[in-house]
Amino acid sequence: MHFTKKLKKPLGYLIKGIGILMLLVSLFVATVYFGGWGPIPSSKELQELSQYKASEIYDVNDELLGKFYLADRQPIAFDQIPQHTVDALIATEDVRYYEHSGVDLKSFLRVFFKTILLQDASSGGGSTLTQQLSKNLFSRKDYGFLTLPVVKTKEIIIARRLERLYNKEEILELYFNTVPFSGNTYGIESAALKFFNKHTKELSVSEAATLIGTLKASSTYDPRNHPERSRFRRNTVLFQMKKYGFLSDLSYQKFVSDSLKLNYGAYDEERGIATYFREEVRNHLLKWTEEQSKYGTKLNLYTSGLKIYTTLDKTLQLYAEEAVTTHMTQLQKSFEKEYGNAAPWLTNKKIITNAIQRSYHYKRLKHQGYTENAISDSLEKPRKMWWRGIPKDSTVMASTVDSIKHSLKFLNTGMLSLDPVSGAIRTWVGGVDFEQYKFDHISKSKRQVGSTFKPIVYVTALEQGVSPCDYFSAQEVVYENMEGWSPSNSGNVDEKYMNYNMTAALSKSINTVSVKILEKAGIQNTINMASALGIKTSLPEVPSLALGTAEISLLEMASAYTAFAHKGIAATPYYLRKIEDSQGTVLAQFAPEETATPVFSETNQQLMISMMQAVATSGTAQRLKSTYGLPNDIAAKTGTTQSNKDAWFVALTPNLVALTWVGHDDHRIGFKTTATGQGANAALPIVAEFFQKINKDSSFNSISKARFDTPSPSVRQLLDCPPTKRDGFLKRLFTNPDKKKKKRFKTKN
């Protein structure tokens, strides 16, 4: 009796404690349920999951360029998923899937007691497939130390709602179409295409088990980067299938002995056609749909089934990408060969250290509190990894540091073409490899433009009254009021006693003459001209502007050059035509900006075209004709910056302007020699090969056979003078050509 009384008191406390705990848990669950930790999708929102539609992006001829899915997924119907793929998932992730209603109580209790109370990480996750689906569809947020209980409670609530709204097959279909696989791939169809270059319905048992195996840890069991781990995990999946009766012993033995054969597919959401362009459109549309929501129109790029019509031409885009790949492959070989073992990505400690410290691996270890020595040891450990290479990719044994050095050696590029009248963009190649280098050199990059800026200087001078037959000495000058700055020439330029007219100077891209023409044009006048032509970048008010020391984007340069091809009227580049909803209703329509006012006279436009045609026939771009045999009417300009850091080329035809930049993303790494790094060698071939392909395709006769207007008699008269003129006898007699003339640069006109 006495013992019972003694026991009764603590038992009462225990019961009260349990009651209080249950009350607190109930209150906590209630706060989650009613949105205290952020909104939970309603049954109506969850019901619309099955109605999600991909948005489609089309070219100028309404040909499909690509699709935008929920988190880059490529959904398929359940009947396209083989039964053995479903069996592999059930056996590995949720063997009681058909028995529970969204929450597996046995697994949940195991996780609660072992993982949470006993801190046993080996007890597993405990989430059902329905709970995993809710996690895939609605990203987790950080709630501090309460993150795990909050997100698990949310997932349980969403899972129960999903089970009430959908049958088991529908839930599996949603799961297979949203689950993240290795290689930043979402959905079974995308994964099948990426790793085996086949559709899901064609997957073998072994291949299906390989993909299902990656779900445990997509990076750890990536079949391409970690084939041995992937094979081990695949065999675990096969064993689970045998254990739960989905495979016979004989079948298990057969599949477990299969070698892991990947066929890395050409299709890839990060490859395919126009990858940089599609990413540009995606970012633009995300902002646009967000803007529409402010006006009460709820749109989602990944689920609303939008139809996005662009100005890009799919065939021209393919030609551009092929030209970029062909040339950059050859140029990369020359680039590496010239440097040899003395390459900066192998020997320059500052560049290498900077690259290492910018890397994700270094930042992750630094954030985790490791010392520099420990980080260095970790990054120096060799492992099997995939490397991008020339001429082909390969799997190698290398350390993270080796991999960083390897990636440092690659050149990059940007190539753009557009209609000079409307500004409609026809091709957009933002770099050499979107999967490896996400940075878009068309929309994001600004680089020194070199001599491609000279036509802007020349046309400004013409507008200021300079005649194309005025002659300028090529001799170097020291500008005393510019800290003794003295621009020099490169190439075969006769500086001794030789004077050049504007056509000859532009054709040979003579630096000393260009600076003198800028002096005549006026720096501020030239900057105003550039602004009127669409260059919004702030330009330096210095004489070196004539040599293209300003950093300008490809889009801005494209806008400027359209005026030379079309009556002095600068077109604004654009790439969207219209956007429709899933029912075909037009939501937005886009048209070229109407800029009918010429920036410069039609006479000066004809003069500039004639001068730039000379660049293509007898100047720095003459290999367009001599090497590539292009019969087209082409006006052109090459550009090379100091220390061979940037190579540019622009080609103008009556109906298409094409320009390209080539260089290294690290400004400290340039071409070793001008022979390799000049615009005529590093950038011109891309455009030349692009036009070769256009010329062979009769459907583009409107581009290839187009001709510039014949210059008027007055224009021909203005150009009618010898390209060069030597100084007179007396001037030659009393002038020392080896002594630089000193003068002050006239900064105002």
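The values are calculated or read from the model by the stated rules, or taken from the named source; none is laboratory data. Computed from a predicted structure; not experimentally measured. Please note: Cβ atoms are built from the backbone with ideal geometry, for glycine as well, and neighbour counts cover all protein chains shown.
If I ask for residues that are assigned to a loop (DSSP other than H, G, I, E, B) and within 36 Å of the chain's Cα centre (by Cα), which ones from segment 516-538 would you list? Reasoning before the result, please.
Step one: list which residues in segment 516-538 are assigned to a loop (DSSP other than H, G, I, E, B), which gives 522, 533-538.
Correct list: Leu533, Gly534, Ile535, Lys536, Thr537, Ser538.
For the subset of segment 189-214 comprising residues that are modelled with pLDDT under 90 and of a type in the set (Lys, Arg), which member is surrounded by the most Cβ atoms within 10 Å (Cβ to Cβ)?
So the residue we want is Lys194.
Filter segment 225-259 for residues that are part of a loop (DSSP other than H, G, I, E, B) and surrounded by fewer than 17 Cβ atoms within 10 Å (Cβ to Cβ); which is modelled with the lowest pLDDT? Outline the logic, then answer.
Of the residues in segment 225-259, the ones part of a loop (DSSP other than H, G, I, E, B) are 225-226, 244-248, 257-259.
Retained after the next criterion (residues that are surrounded by fewer than 17 Cβ atoms within 10 Å (Cβ to Cβ)): 244-245, 248, 257, 259.
On the way: Tyr244: 95, Gly245: 95, Ser248: 95, Ser257: 92, Ser259: 88.
By that ranking, first place goes to Ser259.
If I ask for residues that are assigned to a loop (DSSP other than H, G, I, E, B) and under 20 Å from Leu659 (Cβ atoms), which ones from segment 671-708 would you list? Explain how you work it out, then say what you get.
Start the filter on segment 671-708 by keeping residues that are assigned to a loop (DSSP other than H, G, I, E, B), which leaves 671-673, 678, 683, 697, 705-708.
Across segment 671-708, the qualifying residues are Phe671, Gln678, Ala683, Ala706, Phe708.
Quickly run through segment 234-252 and pick out the residues that are farther than 14 Å from Ala209 by Cα and aliphatic (A, V, I, L, M).
The one that is farther than 14 Å from Ala209 by Cα and aliphatic (A, V, I, L, M): Leu250.
Residue-wise test of (1) more than 30 Å from Gln524 (Cα to Cα); (2) buried (at least 22 other Cβ atoms within 10 Å of the Cβ); (3) assigned by TED's automatic domain parsing to the domain that holds Ser610.
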site	(1), (2), (3)
Gly639	no, yes, yes
Asp646	no, yes, yes
Asp666	yes, no, yes
Gln678	no, yes, yes
Val687	yes, yes, yes
Ala706	yes, no, no
Thr710	yes, no, no
Lys742	no, no, no
Lys748	no, no, no
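Look through segment 131-179, keep the residues that are touching a strand residue (DSSP E or B) at 6+ places or on another chain (Cβ under 9 Å) and at pLDDT 85 or above, and return whichever of them is nearest to Thr303 (Cα to Cα). Can you show your working first?
Going through segment 131-179, the residues touching a strand residue (DSSP E or B) at 6+ places or on another chain (Cβ under 9 Å) turn out to be 136, 141, 143, 150, 154, 177-179.
With the extra rule that they be at pLDDT 85 or above, the set shrinks to 177, 179.
Working: Asn177: 13, Val179: 16 Å.
Ranking the candidates gives Asn177 first.
Suppose we filter Thr597, Thr585 for residues that are at pLDDT below 95 and more than 33 Å from the chain's Cα centre (by Cα); which single one remains?
Numbers: Thr585 fails: more than 33 Å from the chain's Cα centre (by Cα).
Result: Thr597 is the single residue among Thr597, Thr585 that is at pLDDT below 95 and more than 33 Å from the chain's Cα centre (by Cα).
What number of residues within segment 539-566 satisfy the criterion of being surrounded by 22 or more Cβ atoms within 10 Å (Cβ to Cβ), assigned to a loop (DSSP other than H, G, I, E, B) and among the hydroxyl-bearing types (Ser, Thr, Tyr)?
1
Of all strands (runs of 3 or more DSSP E) completely enclosed by segment 349-459, which ones contain at least 1 residues that are of a type in the set (Phe, Trp, Tyr) and more than 30 Å from Ile694 (Cα to Cα)?
Numbers: elements: 383-387, 394-398, 412-418, 425-429.
Answer list for segment 349-459: 383-387.
Step by step: first the residues of segment 640-672, then only those that are among the small types (Gly, Ala, Ser) and under 24 Å from the mean Cα position of the chain (by Cα), then the one that is farthest from Leu411 (Cα to Cα). Which residue is that? Explain how you work it out, then say what you get.
The initial filter retains those residues of segment 640-672 that are among the small types (Gly, Ala, Ser), namely 643, 647, 651, 658, 663, 670.
The next check asks that each one be under 24 Å from the mean Cα position of the chain (by Cα); those that pass are 647, 651, 658, 663, 670.
Values: Ala647: 11, Ala651: 22, Ala658: 20, Gly663: 6, Gly670: 9 Å.
Ranking the candidates gives Ala651 first.
In the list Tyr175, Tyr166, Tyr186, which residue meets the criterion of being of a type in the set (Ser, Thr, Tyr), surrounded by fewer than 20 Cβ atoms within 10 Å (Cβ to Cβ) and in contact (Cβ under 8 Å) with a residue 40 or more places away in the chain?
Working: Tyr175 fails: surrounded by fewer than 20 Cβ atoms within 10 Å (Cβ to Cβ); Tyr186 fails: surrounded by fewer than 20 Cβ atoms within 10 Å (Cβ to Cβ).
Result of the check over Tyr175, Tyr166, Tyr186: Tyr166.
Exactly one condition in (1) at positive phi; (2) loosely packed, with under 13 Cβ neighbours inside 10 Å; (3) modelled with pLDDT under 75 is false for Asp62; which is it?
(3)
Which one of Thr347, Thr297, Thr329 is within 30 Å of Ser698 (Cβ to Cβ), polar (S, T, N, Q) and loosely packed, with under 15 Cβ neighbours inside 10 Å?
On the way: Thr347 fails: within 30 Å of Ser698 (Cβ to Cβ); Thr297 fails: within 30 Å of Ser698 (Cβ to Cβ).
The conditions single out Thr329.
Looking at Gly629 and the list (1) assigned to a loop (DSSP other than H, G, I, E, B); (2) assigned by TED's automatic domain parsing to the domain that holds Ala532; (3) within 29 Å of the chain's Cα centre (by Cα), which single condition is not satisfied?
(3)
Give all pairs with beta carbons closer than 9 Å in which a residue from segment 675-691 that is at positive phi meets a residue that is of a type in the set (Phe, Trp, Tyr); count only pairs at least 6 apart in sequence or on separate chains.
Listed pairs, sorted by first residue: none to list.
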